[in-house]
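To keep things clear, I will list the structure first and then write my remarks on it.
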Amino acid sequence: MTSIEDNILSAIKEKGRGSIFFPSDFTSYGETKSIGKGLERLTVKGDIVRLARGIYTYPEIDTELGLGVLMPSIEQIAETIARRDKARIVPTGIYAMNRLGISTQVPMNFVYLTDGAPRKVNLGNGRSIQFKYTTPKNLSFTNYLAMLVTFALKEIGRENVTEDMTGQIKQVILKEDKNKVLADLELMPAWIRTIIKQAYE
């Protein structure tokens, strides 16, 4: 008879290396407690890696460069949680600025705005992902870059935006379809609209 542990491992292997999963992905195999025990045993065996409480990965293995186990990025973890929760997210703060090339600083605490449940996920070694609730209207952007730029600039503050920052934003924005970015203008504060429009002049 196939054990819950074997069933979970087979399902994980089907998902493939680099996949991220939760105990709730395996509810068809048994009770919550049994699934938890199965994941725990697979973790001890080294088949999977526990990223945080209730979050696991079947890690990629680098054989070409000899890097060994490759962990998913914090962004991948956050996006997987959002998909599970059917929620939208957008990075804020230093991380949003880093994504746009405005800052080279890489945060230990990644903060996302979400229309899902607020929570904090501790990843160990001082790293964490924090989801802060915001109204769905704030995440109604149709273009991800327009949304990212808006929340990065809001974080910086109008009076703190430098020419170097607007220059970097211009470089990033010009790579995106103009009409797609401008379609979200109405969702931006007036001063951010001005920066976006000037980038295309």
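Count, please, the residues in the stretch 107-134 that happen to be more than 15 Å from Ile77 (Cβ to Cβ) and out of contact with any Leu (no Cβ under 8 Å at 6 or more places or on another chain). It would help to see each step written out before you state the result.
Within the stretch 107-134, the first condition is being more than 15 Å from Ile77 (Cβ to Cβ), and the residues that meet it are 113, 115, 117-118, 126, 132-134.
This time we only want the ones that are out of contact with any Leu (no Cβ under 8 Å at 6 or more places or on another chain), so: 117-118, 126.
Residues in the stretch 107-134 being more than 15 Å from Ile77 (Cβ to Cβ) and out of contact with any Leu (no Cβ under 8 Å at 6 or more places or on another chain): 3 in total.
If you scan the stretch 127-140, which residues turn out to be touching a strand residue (DSSP E or B) at 6+ places or on another chain (Cβ under 8 Å) and not aliphatic (A, V, I, L, M)? Don't jump to the end; show me each part of the working.
Here is the first cut: in the stretch 127-140, the residues touching a strand residue (DSSP E or B) at 6+ places or on another chain (Cβ under 8 Å) are 127-134, 138-139.
Those that are touching a strand residue (DSSP E or B) at 6+ places or on another chain (Cβ under 8 Å) and not aliphatic (A, V, I, L, M): Arg127, Ser128, Gln130, Phe131, Lys132, Tyr133, Thr134, Asn138.
Among residues that are buried (at least 18 other Cβ atoms within 10 Å of the Cβ), touching a residue at least 24 places away in the same chain (Cβ under 8 Å), within 27 Å of Ala183 (Cβ to Cβ) and touching a strand residue (DSSP E or B) at 6+ places or on another chain (Cβ under 9 Å), Leu113 is included. The test for being surrounded by 12 or more Cβ atoms within 10 Å (Cβ to Cβ), within 16 Å of Ile12 (Cα to Cα) and more than 19 Å from the chain's Cα centre (by Cα) holds for Gly30. Using the structure shown, decide if Ser103 is out of contact with any Ser or Thr (no Cβ under 8 Å at 6 or more places or on another chain), outside any helix (DSSP H, G or I) and among the small types (Gly, Ala, Ser). In short, yes. Counting the residues of the stretch 28-61 that are of a type in the set (Val, Ile, Thr) and within 22 Å of Ala78 (Cα to Cα) gives 6. Taking the numbered list (1) within 15 Å of Ala82 (Cβ to Cβ); (2) modelled with pLDDT under 95; (3) touching a Ser or Thr at 6+ places or on another chain (Cβ under 7 Å); (4) of a type in the set (A, V, I, L, M, F, W, C) in turn, Phe131 passes all entries but (2).
Can you work out which of the residues in the stretch 55-75 that are surrounded by 13 or more Cβ atoms within 10 Å (Cβ to Cβ) and either among the hydrophobic types (A, V, I, L, M, F, W, C) or touching a Pro at 6+ places or on another chain (Cβ under 6 Å) (or both) is nearest to Gly126 (Cα to Cα)?
Ile74
Scanning the stretch 1-24 for residues that are part of a helix (DSSP H, G or I) and closer than 19 Å to Leu70 by Cβ, which turns out farthest from the chain's Cα centre (by Cα)?
Looking only at the stretch 1-24, we keep the residues that are part of a helix (DSSP H, G or I), and these are 4-15, 23-24.
Applying the additional criterion that residues be closer than 19 Å to Leu70 by Cβ yields 12-13, 15.
Values: Ile12: 21, Lys13: 23, Lys15: 19 Å.
Result: Lys13.
Quick check on Gly54: is it within 25 Å of the chain's Cα centre (by Cα), modelled with pLDDT of 95 or more and of a type in the set (Gly, Ala, Ser)? Yes.
The values are calculated or read from the model by the stated rules, or taken from the named source; none is laboratory data. Please read these numbers as outputs of a predicted model, since none were measured by experiment. Positions of Cβ are generated from backbone atoms using ideal geometry, with glycine treated the same way; all protein chains shown enter the neighbour counts.
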